[in-house]
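Visitor: Before we start, here is the structure in question, set down as structure tokens.
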């Protein structure tokens with residue numbers, strides 16, 4: 001495991017897969033906004049006569065973007081959900097013949113090559129602690145694979161991707177126990193540390209990763225890019241951001257009358273409170 005992240009966890013520096021912007025104008029961000037807890041009053045930056053008002057029509061129907069990882073968590077109790085979903089069990093206690101109630105929590109366990117939700121005893125390790133399987137972790141946490149061997153306890157985000165603590169974001173990670181047993185990796189949704197970076201500048205990102213928006217408050221991180229370009233399904237290529245509303249890629253751009261990021265027949269629009277000054281997305285003028 002590697003150095004501690006901004007939330008106090010011991011975290012790896014590997015990138016997530018893809019990124020997204022919110023329904024409020026396909027939001028953006030520059031450096032990670034850990035600890036902000038909200039959206040700063042960005043004004044959209046400079047830019048001559050460039051239109052800074054975002055006007056991207058919403059589709060008539062769309063899936064709930066906040067539960068986009070729910071399919072990885074199976075049917076039954078919700079990992080990281082309400083503690084009342086799992087009652088206490090009768091354990092062996094001290095081993096002297098009496099019984100002691102053990103607190104349980106909903107946890108993803110490996111079964112038949114898949115992650116299955118199950119009420120299991122609460123483990124001892126807090127977020128960022130070492131683990132080999134989910135039963136090592138405290139309530140609401142799963143055991144995600146770490147760099148090297150073993151795993152790290154991380155918060156589940158099955159029910160709502162925005163439930164992650166500031167400075168982290170929801171992403172798929174392999175279950176540590178699925179790798180330890182030599183099986184095909186099984187991924188689960190957990191909160192991972194965000195890496196502070198600037199849009200359209202991958203210089204601070206490790207090789208092969210790109211900077212994009214990973215939360216609706218404008219938090220950014222270095223992630224593994226996809227192949228999607230303008231209006232393609234996410235995950236997106238470098239220089240594009242995934243719209244949380246439509247699950248389509250939008251091209252990032254600089255709001256500057258001199259900028260040619262969008263090319264002909266398109267303009268750069270910003271203005272959303274989650275954009276950093278000077279950034280937006282390309283919108284067709286045809």
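Visitor: If residue 222 meets every condition in (1) touching a residue at least 12 places away in the same chain (Cβ under 8 Å); (2) closer than 25 Å to residue 155 by Cα; (3) surrounded by fewer than 24 Cβ atoms within 10 Å (Cβ to Cβ) apart from one, which number is that one?
Guide: All conditions pass for residue 222, except number (3).
Visitor: Can you name every residue in the range 239-256 that is within 17 Å of the chain's Cα centre (by Cα) and either at pLDDT 95 or above or surrounded by 24 or more Cβ atoms within 10 Å (Cβ to Cβ) (or both)?
Guide: Listed by number, the residues that qualify are 240, 241, 242, 243, 244, 249.
Visitor: Could you list, in sequence order, all residues of the range 171-206 that are crowded, with 24+ Cβ neighbours inside 10 Å and within 25 Å of residue 136 (Cβ to Cβ)?
Guide: 171, 173, 175, 176, 188, 189, 190, 191, 192, 193, 194
Visitor: When you go through (1) under 24 Å from residue 182 (Cβ atoms); (2) crowded, with 18+ Cβ neighbours inside 10 Å; (3) over 21 Å from the mean Cα position of the chain (by Cα) one by one for residue 125, which number turns out not to apply?
Guide: The one condition residue 125 does not meet is (2).
Visitor: Look at residue 284 and say whether it is modelled with pLDDT under 85 and under 27 Å from residue 64 (Cα atoms). Spell out how you get there, then give the answer.
Guide: On the way: modelled with pLDDT under 85: no; under 27 Å from residue 64 (Cα atoms): yes.
Judged against the criteria, residue 284 is not a match.
Visitor: Of everything in the range 104-115, what is in contact with a helix residue (DSSP H, G or I) (Cβ under 9 Å, 6 or more places away or on another chain) and surrounded by fewer than 21 Cβ atoms within 10 Å (Cβ to Cβ)? Give them in sequence order. Give the derivation first.
Guide: Going residue by residue through the range 104-115, those that are in contact with a helix residue (DSSP H, G or I) (Cβ under 9 Å, 6 or more places away or on another chain) are 104-110, 113, 115.
The answer is 104, 109, 110, 113.
Visitor: Taking the condition farther than 26 Å from residue 81 by Cα, surrounded by 21 or more Cβ atoms within 10 Å (Cβ to Cβ), out of contact with any helix residue (DSSP H, G or I) (no Cβ under 7 Å at 6 or more places or on another chain) and modelled with pLDDT of 95 or more, does residue 209 pass?
Guide: Details: farther than 26 Å from residue 81 by Cα: yes; surrounded by 21 or more Cβ atoms within 10 Å (Cβ to Cβ): yes; out of contact with any helix residue (DSSP H, G or I) (no Cβ under 7 Å at 6 or more places or on another chain): yes; modelled with pLDDT of 95 or more: yes.
Considered against the rule, which asks whether it is farther than 26 Å from residue 81 by Cα, surrounded by 21 or more Cβ atoms within 10 Å (Cβ to Cβ), out of contact with any helix residue (DSSP H, G or I) (no Cβ under 7 Å at 6 or more places or on another chain) and modelled with pLDDT of 95 or more, residue 209 comes out as yes.
Visitor: Pull up the range 191-205, narrow it to residues that are in a loop (DSSP other than H, G, I, E, B) and free of Cβ contacts under 8 Å to residues at least 40 places away in the same chain, then point me to the one that is farthest from the chain's Cα centre (by Cα).
Guide: Filtering the range 191-205 for residues in a loop (DSSP other than H, G, I, E, B) gives 194-197, 199-200, 202-205.
So of that shortlist, the ones also free of Cβ contacts under 8 Å to residues at least 40 places away in the same chain come out as 202-204.
Working: 202: 19, 203: 21, 204: 19 Å.
Taking the candidates together, the pick is 203.
Visitor: On the basis of being under 17 Å from residue 177 (Cα atoms) and at pLDDT 95 or above, does residue 114 make the cut?
Guide: Working: under 17 Å from residue 177 (Cα atoms): yes; at pLDDT 95 or above: no.
Criteria not met by residue 114.
Conditions tested, residue by residue: (1) touching a residue at least 40 places away in the same chain (Cβ under 8 Å); (2) over 21 Å from residue 161 (Cα atoms); (3) touching a strand residue (DSSP E or B) at 6+ places or on another chain (Cβ under 7 Å); (4) part of a loop (DSSP other than H, G, I, E, B).
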{"site": "226", "(1), (2), (3), (4)": "yes, no, yes, yes"}
{"site": "238", "(1), (2), (3), (4)": "no, yes, yes, yes"}
{"site": "249", "(1), (2), (3), (4)": "no, no, yes, no"}
{"site": "252", "(1), (2), (3), (4)": "yes, yes, yes, no"}
{"site": "264", "(1), (2), (3), (4)": "no, yes, no, yes"}
{"site": "277", "(1), (2), (3), (4)": "yes, yes, no, yes"}
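Visitor: Go through (1) assigned to a loop (DSSP other than H, G, I, E, B); (2) free of Cβ contacts under 8 Å to residues at least 60 places away in the same chain and name the single condition residue 256 misses.
Guide: For residue 256, the exception is condition (2).
Visitor: Here is a check on your reading of the model: is residue 215 in a loop (DSSP other than H, G, I, E, B) and surrounded by 18 or more Cβ atoms within 10 Å (Cβ to Cβ)? I'd like the intermediate steps shown before the answer.
Guide: Details: in a loop (DSSP other than H, G, I, E, B): yes; surrounded by 18 or more Cβ atoms within 10 Å (Cβ to Cβ): yes.
Yes.
The values are calculated or read from the model by the stated rules, or taken from the named source; none is laboratory data. Computed from a predicted structure; not experimentally measured. Neighbour counts run over all protein chains shown; Cβ positions are idealised from the backbone, glycine included.
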